[in-house]
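**Student:** The following block contains the structure, expressed as structure tokens.
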Amino acid sequence: MTGRTSPAPARPDGTGPAAYRGALEALFARRRFGLRPGLEVERALLDALGAPERALPAIHVTGSKGKGSVATLAAAILRAHGRRTGLYTSPHLASYRERMRRDGEEISPEEVVAGLARVEAAAESCRRAGTIDREPTFFEATTAVALDWFARGGVTAAVIEVGIGGRLDATNVLASRVGVVTTVELEHTEILGRTVAAIATEKAGIFHPGMHGLLGELPAEAEAAAERIAGRAGVPLWHLGREVRAERTELGPDGQTIAVRGPDFELADLRLPLLGAFQVGNVGLAVAAAARFLAAEGASLDPAAVRRGLARVRVPGRLQRMARDPELFYDVAHTPGSARAVAVSLAEIAPLADPDASAIVFGCLAGKDVGNILEALAPLARTLVLVPVRSQRAMPIAEMRAAAVARFPRLVLAPEAASAVRLARAATGPDGITLVTGSDYLVGELLRGPDAADEPDLSDPGQEPGTERPTAAPAERR
């Protein structure tokens with residue numbers, strides 16, 4: 001890529017920056033295989049690796065939004081209870097290594113190289129044996145690396161975020177103790193279905209006999225669909241807002257205090273160093289998930305451990321304050337619901353902010369409901385700076401402009417993220433705020449910085465132009 005220096009040569013043992021970059025370039029080349037719902041390839045890969053998923057007691061988290069935060073919060077709580085945790089999330093913002101952490105520490109470059117080599121060897125073994133009939137996708141290979149690394153590291157509590165959907169997602173190979181569906185919105189409709197009920201059915205596919213289920217606040221038809229799936233699997237459910245309740249008791253400039261209660265626990269004064277009203281429900285789900293996970297091994301929540309875990313949690317890109325005077329926030333909201341949640345939260349955090357003095361930097365992927373996202377954000381600012389995100393799936397700037405022109409009186413077009421932020425900051429007055437939002441990829445580009453020369457790409461690989469994508473999730477072959 002232009003503007004980069006050549007990476008350092010590989011060491012004699014095959015490690016070093018060049019080996020790491022080469023391994024990731026080979027992995028990212030798997031984008032050409034697109035998105036392939038189904039579990040056969042993942043299961044075959046894991047079997048060839050010694051079935052690491054069978055050694056991992058897990059919490060499995062899906063949802064249209066909030067699943068990354070819930071997973072991160074639950075892992076922090078379990079780590080504070082003395083469990084050796086593995087956390088798997090996606091997409092990454094600044095580095096591929098963010099996707100997998102043990103006890104809060106990212107996988108090392110050397111372990112990425114070794115893990116990908118093991119997965120490639122497993123794939124070759126499967127090809128020779130005829131147990132797979134296609135190449136593993138990027139996400140299938142990455143999931144195999146993570147589960148293998150967790151098992152090799154003696155993880156006793158894995159918290160796994162679904163990629164897309166649930167039923168046919170590559171992560172749905174675990175015998176999880178707890179399954180969580182955070183929210184359901186219309187998203188990935190070409191894969192998951194055209195209604196919230198159909199999407200909820202796919203997401204609730206993570207429910208399996210022997211686990212406990214948790215539902216966030218879902219639309220009525222989505223909740224009913226998820227309850228049907230849980231009932232068929234014999235999975236008992238707790239619902240946020242019914243069996244589990246979470247409320248904010250204090251809001252400060254750098255976080256909030258939350259109380260959570262459930263059927264067998266009641267916790268007050270939980271200090272969370274994260275902003276956003278939407279995090280209150282996420283904390284409720286995370287605490288409840290940890291409670292059910294611990295109950296499965298005959299243990300219970302330790303209030304002091306819950307407080308320790310939450311107090312040190314960090315979730316980049318979720319109403320992350322980057323500057324003050326005037327304030328600058330990054331948020332990865334990319335659905336109408338998440339945009340509305342950001343707007344509500346900013347109205348609480350900065351109630352006196354002047355929309356005339358505020359600016360939003362926005363870029364998103366093709367296929368997003370850009371009109372309704374911008375409609376939710378419009379009350380916050382009069383100035384909108386549009387920027388294309390660095391992805392093959394980026395929405396053209398002309399399409400974003402067409403959706404924005406009737407909603408924002410001042411439109412500015414920027415060629416890339418850093419200059420977009422500079423333009424927005426110049427347009428933000430002392431009584432205003434600046435918000436950067438619309439895509440993980442946009443926020444990731446800004447957080448990445450100039451020191452990530454060994455990271456070949458920011459994005460979560462999607463469909464290459466001209467390749468086919470299934471119009472609906474196929475039934476799993478047995």
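The values are calculated or read from the model by the stated rules, or taken from the named source; none is laboratory data. In this text, all values refer to a predicted model and were calculated from it rather than measured experimentally. Glycine also receives a Cβ, built like all others from the backbone with ideal geometry; neighbour counts cover every protein chain displayed.
**Student:** What strands (runs of 3 or more DSSP E) lie completely within the stretch 374-438 and have 1 or more residues being touching a residue at least 60 places away in the same chain (Cβ under 8 Å) and surrounded by 15 or more Cβ atoms within 10 Å (Cβ to Cβ)?
**Tutor:** Passing ranges, in order: 433-437.
**Student:** Condition test on Gly63, is it surrounded by 22 or more Cβ atoms within 10 Å (Cβ to Cβ), in contact (Cβ under 8 Å) with a residue 24 or more places away in the chain and in contact with a strand residue (DSSP E or B) (Cβ under 8 Å, 6 or more places away or on another chain)?
**Tutor:** So Gly63 fits the description; yes.
**Student:** Take the stretch 235-269 and flag every residue that is in contact with a Phe, Trp or Tyr (Cβ under 9 Å, 6 or more places away or on another chain) and not β-branched (Val, Ile, Thr). Write out each step before concluding.
**Tutor:** Narrowing the stretch 235-269 to residues in contact with a Phe, Trp or Tyr (Cβ under 9 Å, 6 or more places away or on another chain): 235, 237, 244, 262-263.
Leu237, Gly262, Pro263 - these are the residues of the stretch 235-269 that are in contact with a Phe, Trp or Tyr (Cβ under 9 Å, 6 or more places away or on another chain) and not β-branched (Val, Ile, Thr).
**Student:** Need at least 1 residues that are aromatic (Phe, Trp, Tyr) per element, so show me which strands (runs of 3 or more DSSP E) inside the stretch 228-308 make the cut, counting only ones lying wholly within it.
**Tutor:** Values: elements: 237-239, 245-252, 255-262, 265-272.
Because the criterion is at least 1 residues that are aromatic (Phe, Trp, Tyr), the strands (runs of 3 or more DSSP E) in the stretch 228-308 that meet it are 237-239, 265-272.
**Student:** Here is a further query. Looking at the stretch 111-128, can you tell me whether even one residue there is over 23 Å from Ser439 (Cβ atoms) and outside any helix (DSSP H, G or I)?
**Tutor:** Looking through the stretch 111-128, none of the residues is over 23 Å from Ser439 (Cβ atoms) and outside any helix (DSSP H, G or I).
**Student:** Looking at Arg261, Arg228, can you tell me which residue is modelled with pLDDT of 95 or more, over 30 Å from Ala80 (Cα atoms) and basic (Lys, Arg)?
**Tutor:** Arg228
**Student:** Just to be sure before I move on: is Pro253 touching a Gly at 6+ places or on another chain (Cβ under 7 Å), assigned by TED's automatic domain parsing to the domain that holds Arg79 and within 30 Å of Ser439 (Cβ to Cβ) in the structure I sent?
**Tutor:** When the stated conditions are applied, Pro253 does not pass them.
**Student:** A follow-up question, please. Criterion first (over 19 Å from Ala403 (Cα atoms), in contact (Cβ under 8 Å) with a residue 60 or more places away in the chain and surrounded by 20 or more Cβ atoms within 10 Å (Cβ to Cβ)) does Ala341 satisfy it?
**Tutor:** So Ala341 passes the test.
**Student:** Looking at the stretch 96-108 only, could you name the residues that are buried (at least 20 other Cβ atoms within 10 Å of the Cβ) and either at pLDDT 95 or above or part of a loop (DSSP other than H, G, I, E, B) (or both)?
**Tutor:** Arg99, Met100, Arg101, Arg102, Ile107
**Student:** Right, another one. Would you mention how many residues in the stretch 310-336 are assigned to a helix (DSSP H, G or I) and surrounded by 23 or more Cβ atoms within 10 Å (Cβ to Cβ)?
**Tutor:** 1
**Student:** Can you go through Ala350, Ala323, Ala299 and tell me which one is at pLDDT 95 or above, hydrophobic (A, V, I, L, M, F, W, C) and within 26 Å of Tyr441 (Cβ to Cβ)?
**Tutor:** Only one candidate passes the filter, namely Ala323.
**Student:** Does at least one position in the stretch 133-145 carry a residue that is closer than 15 Å to Arg43 by Cβ, of a type outside the set (A, V, I, L, M) and over 23 Å from the mean Cα position of the chain (by Cα)?
**Tutor:** yes
Let's see how each residue does on (1) assigned to a helix (DSSP H, G or I); (2) more than 30 Å from Pro303 (Cβ to Cβ); (3) modelled with pLDDT of 90 or more:
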| residue | (1), (2), (3) |
| --- | --- |
| Ala23 | yes, yes, yes |
| Arg31 | yes, yes, no |
| Leu35 | no, yes, no |
| Val41 | yes, yes, yes |
| Glu53 | yes, yes, yes |
| Ile59 | no, no, yes |
| Val70 | yes, no, yes |
| Ala76 | yes, no, yes |
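**Student:** Just checking, how many residues over the stretch 339-363 are assigned to a loop (DSSP other than H, G, I, E, B) and among the hydrophobic types (A, V, I, L, M, F, W, C)?
**Tutor:** 3
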